[in-house]
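K.L.:
Here's a structure for you.
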There are 2 protein chains.
Amino acid sequence: PALGALDRSQAKVLTIDTMNPTVKKVEYAVRGPIVQRAVELERELSQGVKKPFAEVIKANIGDAHAMGQQPITFFRQVLALCSYPELLNDSTFPEDAKSRARRILQSCGGNSLGSYSASQGIESVRQDVARYIERRDGGVPCAPDNIYLTTGASDGIVTMLKLLVCGEGATRTGVMISIPQYPLYSAALAELGAVQVNYYLNEEKCWSLDISELQRSVDEARTHCNPRALCIINPGNPTGQVQSRQCIEDVIRFAAKERLFLMADEVYQDNVYADGCQFHSFKKVLFEMGPEYSSTVELASFHSTSKCYMGECGFRGGYMEIINMDNEVKAQLTKLVSVRLCPPVPGQALMDLVVNPPQPGEPSYDNFIKERTATLSVLAEKAKLTEQVLNTVEGIRCNPVQGAMYSFPRISIPEKAVKEANGQQPDMFYCMRLLEETGICLVPGSGFGQKDGTYHFRMTILPPTDKLKILLDKVKEFHHKFTQKYS
Amino acid sequence: PALGALDRSQAKVLTIDTMNPTVKKVEYAVRGPIVQRAVELERELSQGVKKPFAEVIKANIGDAHAMGQQPITFFRQVLALCSYPELLNDSTFPEDAKSRARRILQSCGGNSLGSYSASQGIESVRQDVARYIERRDGGVPCAPDNIYLTTGASDGIVTMLKLLVCGEGATRTGVMISIPQYPLYSAALAELGAVQVNYYLNEEKCWSLDISELQRSVDEARTHCNPRALCIINPGNPTGQVQSRQCIEDVIRFAAKERLFLMADEVYQDNVYADGCQFHSFKKVLFEMGPEYSSTVELASFHSTSKCYMGECGFRGGYMEIINMDNEVKAQLTKLVSVRLCPPVPGQALMDLVVNPPQPGEPSYDNFIKERTATLSVLAEKAKLTEQVLNTVEGIRCNPVQGAMYSFPRISIPEKAVKEANGQQPDMFYCMRLLEETGICLVPGSGFGQKDGTYHFRMTILPPTDKLKILLDKVKEFHHKFTQKYS
């Protein structure tokens with residue numbers, strides 16, 4: 001008992017053995033060990049430690065402003081006006097920025113960004129989102145009541161998954177996600193204790209989605225869980241493909257037939273670069289398929305202020321639209337989001353500007369178009385550059401970056417390197433060597449999922465063109481040396 | 001099979017019967033049915049529908065700016081400068097605001113609020129938080145590495161609870177919360193499937209905390225779950241009490257003896273009004289108790305930008321400090337928060353200003369002190385006014401509002417009214433009648449928990465003094481009529 005008392009008083013209440021086991025299963029490679037090491041290396045460099053490189057170049061995360069992308073002037077003017085309304089008397093601010101700021105402030109309690117909004121989001125912002133969706137989708141109606149503003153898209157996705165999870169054992173909810181996937185999905189499913197049901201994108205066909213593979217996946221899943229939702233990321237993260245209209249129609253038919261709740265992650269909807277590719281929203285295609293589908297298929301679609309030409313990740317703005325959701329469930333959703341009070345109001349204001357930007361004839365219109373076009377055309381160039389350079393490297397093969405902000409090339413890793421990795425994922429070993437030798441920070445494909453025996457990395461196309469060229473050259477040189485060393 | 005097929009195609013995938021059962025158990029009264037009805041009434045009034053009142057007065061939520069409280073000028077100047085750095089060239093902004101803005105922007109990727117921060121929060125902000133805590137606690141050391149910036153305090157609280165939950169059946173994690181409580185706690189515990197373990201505050205002793213009641217509660221809980229954490233709200237929400245130093249010491253001793261992880265919700269740390277009352281942080285008291293406690297007791301403390309003299313709820317800024325957390329658990333915590341990328345960066349910037357406000361000698365100092373003092377003294381007056389007026393009403397008895405922003409008076413509800421409520425909570429019935437007859441929106445005590453057979457409501461002291469007087473008079477008149485009607 002004496003020793004017992006000692007043990008008892010020394011051990012922590014909360015230890016790795018007594019903490020929530022589902023949290024332990026969570027993994028998130030985009031900010032995993034490679035990135036932690038990159039931060040350490042930056043610190044060492046700043047302390048004067050000698051390295052084989054002069055700077056760390058981070059291409060691990062879709063963080064546009066951190067890579068030098070400039071914010072849209074109009075958006076930031078309105079945010080400044082909303083933050084400090086004294087500026088409404090400042091004649092240097094354009095009138096359209098002031099009128100937007102006034103409208104936003106009038107929708108805020110006490111005319112202040114510092115008030116809580118309704119938990120579903122500011123009503124006028126939801127109205128603007130609904131009108132934006134109607135314009136985007138060629139007039140398909142959208143009700144503001146079906147819009148929920150969120151803390152970035154991640155928040156909406158996790159909330160929807162949370163609603164869907166139930167059952168135990170063989171009836172536990174399964175959620176179908178693409179492989180490769182964005183690891184928010186696997187992390188959320190692990191935390192919720194849902195069953196992750198993988199379907200594989202077809203790398204040989206430019207990461208397209210085959211319905212036969214969806215069928216294989218759901219059939220197999222039915223033997224051990226209850227698949228209830230199908231998640232699609234379009235344009236694709238980490239794979240950069242843009243789905244064809246036909247493919248979306250097929251997916252919707254499949255979801256209807258198999259009775260799956262559709263979740264469409266469409267945060268890269270303005271990031272489409274390749275000739276012949278176009279963004280089609282799931283909502284629009286659904287409604288074009290007629291009432292048999294449009295009045296039955298349950299769909300949640302997600303958007304955000306963090307990507308596209310805005311790249312305003314730090315504001316954590318976003319929205320989701322829900323379609324054909326059962327009314328009782330919707331009431332539960334509204335209740336659930338009320339516990340967290342509201343999404344950040346500056347992010348809601350920013351979301352409003354994204355869906356309601358300067359219009360022709362307004363003083364800020366020309367500059368807005370100029371800035372947006374410049375950002376998107378530079379991204380398109382960098383998408384092409386990335387594909388071209390990587391495909392010149394023997395042992396690297398990469399699909400076109402049709403959209404989004406990432407390339408996910410396949411890399412050959414020699415057998416000897418796989419052994420040397422010594423239990424570590426071989427592409428983790430590869431990326432860690434790359435980081436230590438060149439200062440380039442990428443994320444191993446294993447963090448996103450890939451077919452067994454294949455290896456990839458994800459890199460963003462966001463570094464400024466000159467740095468992106470350096471990065472691509474260094475990857476080329478490194479891959480060559482790495483292959484030689486282990487051959 | 002024909003009918004079966006029809007059923008199958010008509011039923012939704014996600015229904016109230018097939019959704020996550022833990023979500024259904026969540027309740028959050030602060031934005032519950034009373035508040036929904038208040039919003040409807042406001043709409044009806046604006047449409048010209050006749051009501052027995054001209055306006056709805058909301059005293060249901062601690063939303064200071066919505067009630068007319070003005071933001072601190074300096075904070076908003078810095079936020080405007082950070083949002084639109086062109087303003088750094090504007091000579092009308094004071095130099096100290098500019099230097100704060102520059103420092104914040106230098107800590108942001110690409111010098112932009114639009115970049116993701118580290119998931120734990122911007123490093124320089126965490127350093128400023130640590131220095132603030134050291135000043136507040138008379139020099140007790142604080143490591144920036146123990147600070148996690150959060151999306152409001154709610155986010156930190158839910159994250160900590162999430163880490164703590166494990167086990168099944170009789171070994172399931174129990175979490176001790178005060179009754180009355182702030183319903184974020186019960187909502188989070190319901191969602192996480194943890195066991196809510198109630199301990200009752202002593203209304204007769206000004207809502208103080210008795211250790212004997214903690215003991216009763218934990219002993220009883222041990223018969224059916226594994227109590228592992230003890231949550232304290234100080235100053236109290238909804239009850240407005242301020243804990244004595246002695247009481248905090250006793251709680252810490254109790255937590256050590258019973259091996260409970262301490263969670264201290266200290267978001268009202270600057271809201272202390274009553275003579276003889278003073279805020280003592282759990283951290284400071286813990287360290288004053290010597291290494292036997294300070295090196296062993298696990299503590300998480302929460303703060304936010306939403307309350308005190310700032311009232312900046314919409315920005316969703318906050319932090320938590322963790323003390324004596326196991327290193328492996330801390331690594332898991334860091335991983336967990338990385339999935340959501342980062343707290344909103346404008347909220348982080350605002351948190352930085354709260355912990356590092358203008359200093360003596362800086363150009364904004366005098367005005368900052370003037371604004372802060374004005375806000376806090378008006379709150380102190382309203383705290384007193386609320387207590388005084390309510391205690392003149394026969395059938396209402398209210399403790400002094402020593403701190404925070406709420407009064408939680410006990411109300412007599414006649415037996416006949418209890419019957420008339422017809423299964424509804426009697427204080428819900430009371431508050432709904434109050435709303436319909438007077439336009440005043442309060443939250444029934446049943447939404448926070450109370451001793452069986454007692455009834456209360458929570459009201460904020462935030463309405464402007466003239467409106468608060470109207471509100472109190474109307475409550476007085478209503479209570480009188482209500483009592484007569486049902487006697």
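K.L.:
Quick check on the stretch B:111-121. Is at least one of its residues more than 27 Å from the chain's Cα centre (by Cα) and without any contact (Cβ under 8 Å) to a residue 24 or more places away in the chain?
P.N.:
yes
K.L.:
OK, next. With the condition kept exactly as written, say whether any residue in the stretch B:88-95 is polar (S, T, N, Q), surrounded by fewer than 15 Cβ atoms within 10 Å (Cβ to Cβ), facing chain A (nearest Cβ under 10 Å) and under 28 Å from the mean Cα position of the chain (by Cα).
P.N.:
No, because not a single residue in the stretch B:88-95 is polar (S, T, N, Q), surrounded by fewer than 15 Cβ atoms within 10 Å (Cβ to Cβ), facing chain A (nearest Cβ under 10 Å) and under 28 Å from the mean Cα position of the chain (by Cα).
K.L.:
Could I ask something else about it? If we keep just the residues of the stretch B:12-36 that are assigned to a helix (DSSP H, G or I) and more than 7 Å from chain A (Cβ to nearest Cβ), which is surrounded by the most Cβ atoms within 10 Å (Cβ to Cβ)?
P.N.:
B:A29
K.L.:
State yes or no: is A:E292 acidic (D, E), within 14 Å of chain B (Cβ to nearest Cβ) and in contact with a strand residue (DSSP E or B) (Cβ under 8 Å, 6 or more places away or on another chain)?
P.N.:
No; evaluated as a whole, the condition is false for this residue.
K.L.:
Within the stretch A:332-341, which residues are facing chain B (nearest Cβ under 7 Å) and hydrophobic (A, V, I, L, M, F, W, C)?
P.N.:
The answer is A:L336, A:V339, A:L341.
K.L.:
I need the full set of residues from the stretch B:201-226 which are in a loop (DSSP other than H, G, I, E, B) and under 23 Å from the mean Cα position of the chain (by Cα), in order please.
P.N.:
Within the stretch B:201-226, B:L201, B:C206, B:W207, B:L209, B:D210 meet the criteria.
K.L.:
Ok, one more. Looking at A:E249, A:E312 in this structure, which one is outside the structural domain of A:Q450 (by the TED database), among the charged types (D, E, K, R) and within 30 Å of A:A374 (Cα to Cα)?
P.N.:
A:E312
K.L.:
So, in the stretch A:291-317, of the ones that are in contact with a Leu (Cβ under 6 Å, 6 or more places away or on another chain) and assigned to a strand (DSSP E or B), which residue ends up farthest from A:Q106 (Cα to Cα)?
P.N.:
Selected residue: A:L299.
K.L.:
Pairs please, first residue from the stretch A:216-228 and farther than 7 Å from A:G174 by Cα, second anywhere and among the acidic types (D, E) and surrounded by fewer than 20 Cβ atoms within 10 Å (Cβ to Cβ), Cβ atoms under 7 Å, 6+ apart in sequence or on different chains.
P.N.:
From residues that are farther than 7 Å from A:G174 by Cα, the pairs are A:V218/A:E258.
K.L.:
Out of curiosity, is B:S107 more than 30 Å from B:G62 (Cα to Cα), within 14 Å of another protein chain (Cβ to nearest Cβ), free of Cβ contacts under 8 Å to residues at least 12 places away in the same chain and polar (S, T, N, Q)?
P.N.:
Considered against the rule, which asks whether it is more than 30 Å from B:G62 (Cα to Cα), within 14 Å of another protein chain (Cβ to nearest Cβ), free of Cβ contacts under 8 Å to residues at least 12 places away in the same chain and polar (S, T, N, Q), B:S107 comes out as no.
K.L.:
Quick check on this structure: which one of A:P235, A:P180, A:P141 is out of contact with any helix residue (DSSP H, G or I) (no Cβ under 7 Å at 6 or more places or on another chain) and either free of Cβ contacts under 8 Å to residues at least 12 places away in the same chain or outside the structural domain of A:M459 (by the TED database) (or both)?
P.N.:
A:P235 is the lone residue from the list that is out of contact with any helix residue (DSSP H, G or I) (no Cβ under 7 Å at 6 or more places or on another chain) and either free of Cβ contacts under 8 Å to residues at least 12 places away in the same chain or outside the structural domain of A:M459 (by the TED database) (or both).
K.L.:
Hey, can you tell me all the residues within the stretch B:169-188 that are within 11 Å of another protein chain (Cβ to nearest Cβ), over 23 Å from B:F457 (Cα atoms) and not in a strand (DSSP E or B)?
P.N.:
Hit for the stretch B:169-188 is B:T171, nothing else.
K.L.:
Of all residues in the stretch A:244-268, count the ones that are outside any helix (DSSP H, G or I) and within 22 Å of the chain's Cα centre (by Cα).
P.N.:
10
K.L.:
Give the residues of the stretch B:342-359 that are more than 10 Å from chain A (Cβ to nearest Cβ) and surrounded by 20 or more Cβ atoms within 10 Å (Cβ to Cβ), sorted by residue number.
P.N.:
Answer for the stretch B:342-359, where residues must be more than 10 Å from chain A (Cβ to nearest Cβ) and surrounded by 20 or more Cβ atoms within 10 Å (Cβ to Cβ): B:M351, B:D352, B:L353, B:V354, B:V355, B:P357, B:P358.
Quick grid of which residues meet (1) free of Cβ contacts under 8 Å to residues at least 40 places away in the same chain; (2) among the aliphatic types (A, V, I, L, M):
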site	(1), (2)
A:L286	yes, yes
A:G311	no, no
A:A331	yes, yes
A:T334	no, no
A:L350	no, yes
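K.L.:
Taking the stated definitions as given, is B:E298 within 13 Å of chain A (Cβ to nearest Cβ), acidic (D, E) and either in contact (Cβ under 8 Å) with a residue 12 or more places away in the chain or surrounded by 24 or more Cβ atoms within 10 Å (Cβ to Cβ) (or both)?
P.N.:
yes
K.L.:
Another one. When both residues are 6+ apart or on different chains and their Cβ atoms are under 8 Å apart, which pairs have a first residue that lies in the stretch B:51-69 and is under 13 Å from B:V39 (Cα atoms), and a second that is of a type in the set (D, E)?
P.N.:
Taking only residues 6 or more apart or on different chains, the pairs are B:V56/B:E42.
K.L.:
Checking A:V285 against (1) aliphatic (A, V, I, L, M); (2) more than 26 Å from A:Y406 (Cβ to Cβ); (3) part of a helix (DSSP H, G or I), only one condition comes out false. Which one?
P.N.:
Only one criterion in (1) aliphatic (A, V, I, L, M); (2) more than 26 Å from A:Y406 (Cβ to Cβ); (3) part of a helix (DSSP H, G or I) is unmet by A:V285, namely (2).
K.L.:
So, in the stretch A:70-87, exactly how many residues are touching a residue at least 60 places away in the same chain (Cβ under 8 Å) and more than 7 Å from every other protein chain (Cβ to nearest Cβ)?
P.N.:
7
K.L.:
Select from the stretch B:318-329 the residues that are at the interface with chain A (Cβ under 9 Å from one of its Cβ atoms), in contact (Cβ under 8 Å) with a residue 12 or more places away in the chain and outside any loop (DSSP other than H, G, I, E, B) and list them in ascending order.
P.N.:
Matches in the stretch B:318-329: B:V329 only.
K.L.:
Right, here's the next one. For the condition surrounded by 24 or more Cβ atoms within 10 Å (Cβ to Cβ) and not assigned by the TED database to the domain that holds B:Q269, what is the one hit in B:A383, B:A417?
P.N.:
B:A383
K.L.:
Related question: Can you tell me which residue is nearest to B:D452 (Cα to Cα) among those in the stretch B:155-179 that are in contact with a Lys or Arg (Cβ under 8 Å, 6 or more places away or on another chain) and not hydrophobic (A, V, I, L, M, F, W, C)?
P.N.:
If we take residues in the stretch B:155-179 being in contact with a Lys or Arg (Cβ under 8 Å, 6 or more places away or on another chain) and not hydrophobic (A, V, I, L, M, F, W, C), then B:G174 is nearest to B:D452 (Cα to Cα).
K.L.:
For the stretch B:381-396, state whether one or more residues are in contact with a Gly (Cβ under 8 Å, 6 or more places away or on another chain) and more than 19 Å from B:R126 (Cα to Cα).
P.N.:
Within the stretch B:381-396 (the criterion being in contact with a Gly (Cβ under 8 Å, 6 or more places away or on another chain) and more than 19 Å from B:R126 (Cα to Cα)), the answer is yes, since at least one residue qualifies.
The values are calculated or read from the model by the stated rules, or taken from the named source; none is laboratory data. Note that the structure is a prediction, hence the values are computed from the model and not measured. Cβ coordinates were reconstructed from backbone atoms using ideal geometry, including for glycine residues, and neighbour counts include every protein chain displayed.
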